[in-house]
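Notes for the one structure printed next.
The values are calculated or read from the model by the stated rules, or taken from the named source; none is laboratory data. This is a predicted model, so every value here is computed, not measured. Because the Cβ atoms are built from the backbone with ideal geometry, glycine has one as well, and the counts that use them run over all protein chains shown. Only protein heavy atoms, including side chains, enter the accessible area calculation; ligands, DNA and RNA are left aside. Shrake-Rupley method; radii C 1.70, N 1.55, O 1.52, S 1.80 Å.
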Amino acid sequence: MNLLEEKKILMVAREYDGLAGAGGVKDVCRQLAEALAQHGGFDVRVVLPLYGFMDALALGFAQVTFPCRNATDKPALTFEVDMHYPGRERREEVGLWVQNIRGVTVYLLDSKRFTEKHGVYTYTAEEETQKSWQQAGVGHFDYFAMNILLQKAALDMLILLDFRPNIVHCHDGHAALLPAMMRENEGWRHYFCRTGAVVTIHNAGLGYHQEVADIEFAEVVTGLPASVIRAGMFNSSFDPFAAAAGYAVMNTVSENYAHELQKSEEDSRTGWLGHHLLRKNVTLAGITNGINPEDFNPRAPEKLGLDAAFDPATGELAGKHLCKEQLLAACSPANQVWQRVVQHGSLNREPDLPLFTFIGRLTAQKGVDVLLKALSLLAATGETSFQTLILGNGEKYLEEHLEEMAGAEASGGRLCFLQGYDQALANKIYAAGDFFLIPSLYEPCGLTDYIAQLFGNLPVVHHVGGLVKVIDQETGFTYQEHAPESLAAAMQQALNVYRHDRGKLAAMQRAAVERIRNRHTWQQVMQDYLALYQQALR
């Protein structure tokens, strides 16, 4: 029986690709929404905050007006949302902007609580110069209130627009309380009595739960009954993921990550959240994220800002070699002029040398500490006939260590650190690289391995979480132990194939692209989410 006949879906998230992003949530939200709209024929709507770095008008959004109770009054541009504090009843005004983007109706919630923020989740360097307590890289002090305002405003918005979705799909801990509020708060539970809810856990690691220790504040600002607050307690805090149990179908972003969370000791990295959910009779579904191959098709270089076209699926790689030559020239000692990144170290213009690449946050979770030690180990063995290019920023001690390594005389022309981030530059690095390093301590799914493979840049990955989709010696290189020696050994294997078996290298590049197209497109993955939506409605 198809319970999704009306085909109405709302997604609630803090990120959306092309508008606001800080991680993989933005890609999943946009690409799944577009797949449902374009290939499934669904009326898909997405709601997220309007942050201070966004200009709604310049982005093509139009302001939404709301009817007033008195027919003679002018239409209203805002609505009020209850945001009570302990001992203080209060409301916050919210405006709404809308635009249809590639078949998906996208709403931006316009509130001072959002527009005063210049980063999605953390304060920026600019904000720190304005107020010293707003330290760059530190999470917003009112993160919990921001999440509650997003979720409450989303539900109020639906009523004002008279849009009853079949499913509300809540992305990560930032939106995981919505199902409980939708079911328990009187004004919403009747309107949404036929609406199902799905909560997707994109990262269950400690620090990603969006929990709050101030229980009185949690009860007052959410409006949830004390019994629900008590049921949502986990490790001495009110945890949105724990609170979602019983109100929503829950999943995470790969089959193996779901297994790790509920059937292995890897769950210790979450504070044992997965096992806590099991005790509450919640079995996490595992749905491995997909990708839209056409978004990263090197046969269309203009769209991606590449220097030439190429196609790993057919072995047409002359354009990839040209992309590599151009990037090496840009990273040479003579250049070092970038708009959005700061260059440390340089690369020699030797395109025949294998090029390892890394793009991402410089954190221990991403395995950057292991990567730096692995590079030192290879150098100590005399293995120096390769180059490494790293793009990203993150934890200060890793940035400083990497800057020091790149600037050392021993690394001259072999290690370049581009500090910061630039999407156009990232595309050039994906296209130029021979091997893409993903040494993550844990990885719920992983998107960069897909992107690298589509550019003929074979991933070298820690065989954990969602990265198990990389098949050793077939679509990339894998290693089991999270240790510098293991990563160095895998890198050495990649170097040996590059130097001694170019036929195998080309075959692996072709196999990687074919596997994505055959198994991992969002059009295919969408079917798994449709089954999850049906389960939520049942």
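Figures for the structure shown
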read-out: FRET efficiency, 1/(1 + (r/R0)^6) with R0 60 Å, evaluated for Cys68 and Glu474 via beta carbons; value: 0.45
read-out: With Cα atoms, 0 to 90° folded angle of helix 318-330 axis to the chain main axis; value: 90 degrees
read-out: Helix 423-432 vs. the chain, principal-axis angle (Cα, 0 to 90°, nearest 10); value: 40 degrees
read-out: Accessible area per residue, Å², segment 1-143 with all protein chains present, probe 1.4 Å; value: 50 Å²
read-out: Selection from Leu353, Ala76, Ala432 lying farthest towards where the dipole of the chain points positive, charges on Cβ; value: Ala76
read-out: Label-point separation, Glu184 to Asn518 (7 Å along Cα→Cβ), nm; value: 4.8 nm
read-out: Charge dipole (debye, nearest 20) of segment 409-538; +1 at Cβ of Lys and Arg, -1 at Cβ of Asp and Glu; value: 440 debye
read-out: Selected from Ala489, Asn457, Leu378, residue furthest toward positive end of dipole (the chain; charges at beta carbon); value: Asn457
read-out: DSSP-assigned coil residues among GluC sites (Glu not before Pro) in segment 56-150, each with at most 13 further Cβ atoms within 10 Å; value: Glu89, Glu116
read-out: Value of relative contact order over the chain, rounded to a whole percent, pairs C-alpha under 8 Å and six or more apart; value: 12 percent
read-out: Rounded to whole Hz, the Karplus (6.51, -1.76, 1.60) HN-Hα couplings of segment 6-18, x for glycine and proline; value: 6, 6, 10, 9, 10, 10, 10, 7, 8, 9, 7, 4, x
read-out: Nonlocal amide H pairs with Tyr442, under 5 Å, H built at 1.01 Å; value: none
read-out: Surface share of carbon and sulfur [accessible, 1.4 angstrom probe, percent] for the chain; value: 48 percent
read-out: Listed residues Pro301, Phe42, Met54: farthest to the positive end of the dipole of the chain (Cβ charges); value: Phe42
read-out: Sequence-distant residues sharing a close amide H with Ala204 (under 5 Å, placed H); value: none
read-out: Cα-based shape type of segment 1-159, given that a ≥ b ≥ c are square roots of the gyration tensor eigenvalues and the cut on a/c is 1.5; value: oblate
read-out: Two-site FRET efficiency, Phe163 against Ser264, from Cβ-Cβ distance with R₀ of 45 Å, rounded to 0.05; value: 0.65
read-out: Cα-based shape type of segment 173-268, given that a ≥ b ≥ c are square roots of the gyration tensor eigenvalues and the cut on a/c is 1.5; value: oblate
read-out: Peptides 185-195, 365-375 ordered by average Cβ neighbours within 10 Å, highest first; value: 365-375, 185-195
read-out: Sequence-distant residues sharing a close amide H with Met83 (under 5 Å, placed H); value: Arg90, Arg91, Glu92
read-out: Mean Cα-pair separation over length for segment 60-115, i.e. relative contact order, pairs under 8 Å, 6 or more apart, %; value: 28 percent
read-out: Helix axis angle, 396-407 relative to the chain longest principal axis, alpha carbon, degrees; value: 20 degrees
read-out: Nearest-20 debye value, the chain charge dipole, Cβ charges on Lys, Arg, Asp, Glu; value: 1060 debye
read-out: Pairs beyond 27 Å (Cα-Cα), from Lys396/Lys428; Lys117/Lys373; Lys263/Lys366; value: Lys117/Lys373
read-out: Distance between modelled label sites at Thr314 and Ser332, nm, 7 Å Cα→Cβ extension; value: 3.2 nm
read-out: Spin-label proximity, Ala408 to segment 332-372 - amide N less than 15 Å from point 7 Å beyond Cα toward beta carbon; value: 345-346, 369-372
read-out: Chymotrypsin sites (Phe, Trp or Tyr not before Pro) within segment 1-65: DSSP coil, no more than 15 neighbouring Cβ in 10 Å; value: Phe53
read-out: Computed over segment 417-527: relative contact order in percent, which uses C-alpha pairs under 8 Å that are six or more apart; value: 21 percent
read-out: By average C-beta atoms within 10 angstrom, highest first, the peptides 416-423, 8-15; value: 8-15, 416-423
read-out: R0 of 35 Å, Cβ-Cβ distance Lys396-Ala507: FRET efficiency to nearest 0.05; value: 0.25
